[in-house]
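Input: a single structure, listed below in structure tokens.
The values are calculated or read from the model by the stated rules, or taken from the named source; none is laboratory data. Note that this is a predicted model, so its numbers are computed, not measured. Methodologically, a virtual Cβ is constructed for each residue, glycine included, from the backbone with ideal geometry; neighbour enumeration extends over all protein chains shown.
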Amino acid sequence: MRTLVLLLALCPTLAFGMDRLAALSMIETGDNDRMVGRAGEISRYQILKSEWRAVTNSVRYSDPETAKRVTQIIIDRRVQAFQGVYSRPPTHFELYGLWNAPSQVLTGKVSRTVAERCRRYSNLCEWTGVPTPVASTPVQKTPGLLLTQMR
């Protein structure tokens, strides 16, 4: 079961959208392996050094494969915690929340700022390369409105 959850969390999304780790790297740094965040986050995935050190002694922060392995381990731990609370795997939205603000997701109290980031990540994971038409709200026709606007 644990392997299945890990596969669901980290594998490409059924040939639609972007792989979750690729999307995470894109959202966090635009795939910049040398990016250092405001709080000292490292690697393309923006991992706090304390979390990095809890997984490995490696200082190869800019190595994409090392960063990917560290990220997978951290995400696996967070997905397990999520499943312990909700008894199901996280959605794309929730997975990014687990990465960005795990305590908010685990308590079910996600801030608007984090929710917006989660939406962007989820959209990236679900992107199929084809624009989705947006249905507009029909304009209510008011008699004389056009004439009023023209004056």
Which of the residues spanning segment 104-151 are at pLDDT below 95, under 12 Å from the mean Cα position of the chain (by Cα) and of a type in the set (D, E, K, R)? 126
For segment 62-77, which residues satisfy the criterion of being touching a helix residue (DSSP H, G or I) at 6+ places or on another chain (Cβ under 7 Å) and either surrounded by fewer than 20 Cβ atoms within 10 Å (Cβ to Cβ) or of a type in the set (A, V, I, L, M, F, W, C) (or both)? 68, 70, 72, 73, 74, 75, 76
Any idea which residue in segment 64-94 is farthest from residue 18 (Cα to Cα), counting only those that are in a loop (DSSP other than H, G, I, E, B) and free of Cβ contacts under 8 Å to residues at least 12 places away in the same chain? 87
For segment 65-103, what are the residues that are under 22 Å from residue 49 (Cβ atoms), of a type in the set (Gly, Ala, Ser) and more than 11 Å from the chain's Cα centre (by Cα)? 67, 81, 103
Flag for residue 61 being assigned to a loop (DSSP other than H, G, I, E, B) and under 17 Å from residue 98 (Cβ atoms): no
